[in-house]
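Here's the structure we're looking at; comments come further down.
The values are calculated or read from the model by the stated rules, or taken from the named source; none is laboratory data. Model, not experiment: these values are computed from the prediction. Every residue, glycine among them, receives a Cβ derived from its backbone with ideal geometry; neighbour counts consider all protein chains shown.
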Amino acid sequence: MNKMLTLREAVARDIHDGMAVAMGCALESLIPFAAGYEIIRQKKKDLTLIAPISDIQFDQIIGAGCVKKVVASWVGNVAAGLGHNFRRAMEEGIPGRLEIEEHSNFTLALGLKAAAMGLPFLPTRTARGSDFAHEHHYAEINCPFTREKLLAVRAIQPDVAILHVQRADSEGNAHAWGNFGVLREAAFAAKKVVLTCDEIVDHEMILSDPNRTVVPGFLVSSVVHLPFGSHPSPTQGYARRDDDFYFEYHKESRTREGFESWLKKWVLGVKDHSEYLTLLGSERLKNLTPGGNLFSPSVSFNF
């Protein structure tokens, strides 16, 4: 099976209505925004979105009417606070009502880790005193060895994880660096992975630094070459965070009409990621491209 696809092809083939989709799993960096925009363009419906902190990506997809349920610890705008579409959905049912499965960052990581390990749950000492510890995805248990009371966190298995990384080969063996969040746990928990990346490299490049291979190719269904595919979030070494974009979105999405205007301009008004970058403009992209180099020390792999 050919794994190298366009973003449109990958979303059409691997993302279907009603799926549970993990995305934005590296917290505030490596968020696959371009893939989220394509999900909106293709009008996917009744999705369950999974991530600890999705920044504005979940808010956008919720506002576009694609979401039935959110499994997360927080939804909003890291730079500005509220996610206006999320709030409208919860308070007014606009554009639709949402089901929420509430987690802390840590319990969501445990749920993904449990699925990645093929386990039905993992135990923890945290969250027992919280309000959401009584939800159906948690259960109090006794340690079989010490009889200590623990909280079991039910496994979270996405149908697909959409992940953005710095580079990958054509088979999906992926190098990533910087903050991982739960990127690796999501990759191994999901039934399949859609990978977007800033650079496609030869397999020899992957082999040259095997410890940097965060996602092995056998997990990956589709590979999409997508420079600036995480914009406006950062990809360390390839793209800076576009702070202005976050503040502009926060201001424009304050009203439903404002969000619809934003959506028409940035998502529905462009046919693909290439047109989106053209809309951003070459000067803005140049300013978002890191200058110089900050290499890690070289290592020897000789025995």
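A count restricted to the stretch 149-189 and to residues that are part of a strand (DSSP E or B), over 18 Å from the mean Cα position of the chain (by Cα) and not small (G, A, S) stands at 5.
Quick one: is T255 hydroxyl-bearing (S, T, Y), over 17 Å from G24 (Cα atoms) and either assigned by TED's automatic domain parsing to the domain that holds S29 or touching a strand residue (DSSP E or B) at 6+ places or on another chain (Cβ under 8 Å) (or both)?
yes
Within the stretch 190-210, the presence of at least one residue that is within 15 Å of the chain's Cα centre (by Cα) and outside any strand (DSSP E or B) is confirmed. Look at G281 and say whether it is surrounded by 17 or more Cβ atoms within 10 Å (Cβ to Cβ), farther than 19 Å from G63 by Cα and out of contact with any strand residue (DSSP E or B) (no Cβ under 7 Å at 6 or more places or on another chain). No.
Do we have any residue at all in the stretch 234-243 that's hydrophobic (A, V, I, L, M, F, W, C) and either assigned to a strand (DSSP E or B) or touching a Cys at 6+ places or on another chain (Cβ under 6 Å) (or both)? Checking the stretch 234-243: at least one residue is hydrophobic (A, V, I, L, M, F, W, C) and either assigned to a strand (DSSP E or B) or touching a Cys at 6+ places or on another chain (Cβ under 6 Å) (or both).
Residue by residue, here is whether (1) modelled with pLDDT of 95 or more; (2) within 23 Å of H137 (Cα to Cα); (3) buried (at least 24 other Cβ atoms within 10 Å of the Cβ) holds:
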position: F58; (1), (2), (3): yes, yes, yes
position: G63; (1), (2), (3): yes, no, yes
position: C66; (1), (2), (3): yes, no, no
position: W74; (1), (2), (3): no, yes, no
position: A79; (1), (2), (3): no, no, no
position: L82; (1), (2), (3): no, no, no
position: R88; (1), (2), (3): yes, no, no
position: G93; (1), (2), (3): yes, no, no
position: G96; (1), (2), (3): yes, no, no
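Every residue, every condition in (1) touching a strand residue (DSSP E or B) at 6+ places or on another chain (Cβ under 8 Å); (2) modelled with pLDDT of 95 or more; (3) surrounded by fewer than 18 Cβ atoms within 10 Å (Cβ to Cβ), yes or no:
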{"site": "A116", "(1), (2), (3)": "no, yes, no"}
{"site": "T126", "(1), (2), (3)": "yes, no, yes"}
{"site": "H134", "(1), (2), (3)": "no, no, yes"}
{"site": "R147", "(1), (2), (3)": "no, yes, yes"}
{"site": "D159", "(1), (2), (3)": "yes, yes, no"}
{"site": "Q166", "(1), (2), (3)": "yes, yes, no"}
{"site": "D169", "(1), (2), (3)": "yes, yes, no"}
{"site": "W177", "(1), (2), (3)": "yes, yes, yes"}
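Could you give every pair whose Cβ atoms fall below 6 Å, whose first residue belongs to the stretch 146-170 and is closer than 21 Å to H16 by Cβ, and whose second residue is hydroxyl-bearing (S, T, Y), counting only separations of at least 6 or pairs across chains? Within 6 Å, the pairs are H164/T196; H164/S230. With respect to T235, is the statement that it is of a type in the set (S, T, N, Q), surrounded by 15 or more Cβ atoms within 10 Å (Cβ to Cβ) and in contact with a helix residue (DSSP H, G or I) (Cβ under 9 Å, 6 or more places away or on another chain) true? Judged against the criteria, T235 is not a match. Among the numbered criteria (1) free of Cβ contacts under 8 Å to residues at least 24 places away in the same chain; (2) within 15 Å of the chain's Cα centre (by Cα), which single criterion is violated by K43? Against the list (1) free of Cβ contacts under 8 Å to residues at least 24 places away in the same chain; (2) within 15 Å of the chain's Cα centre (by Cα), K43 comes up short only on (2). Would you confirm, using the coordinates I've provided, whether F228 is crowded, with 16+ Cβ neighbours inside 10 Å, closer than 25 Å to S296 by Cα and touching a residue at least 60 places away in the same chain (Cβ under 8 Å)? Yes. Against the criterion of being of a type in the set (S, T, N, Q), within 23 Å of M205 (Cβ to Cβ) and out of contact with any Asp or Glu (no Cβ under 7 Å at 6 or more places or on another chain), S130 does not qualify.
Only one entry in R8, R13 is touching a residue at least 60 places away in the same chain (Cβ under 8 Å), in contact with a Leu (Cβ under 9 Å, 6 or more places away or on another chain) and part of a helix (DSSP H, G or I), namely R13.
Here S253 clears all of (1) over 12 Å from G63 (Cα atoms); (2) modelled with pLDDT of 95 or more; (3) not β-branched (V, I, T) except the condition numbered (1).
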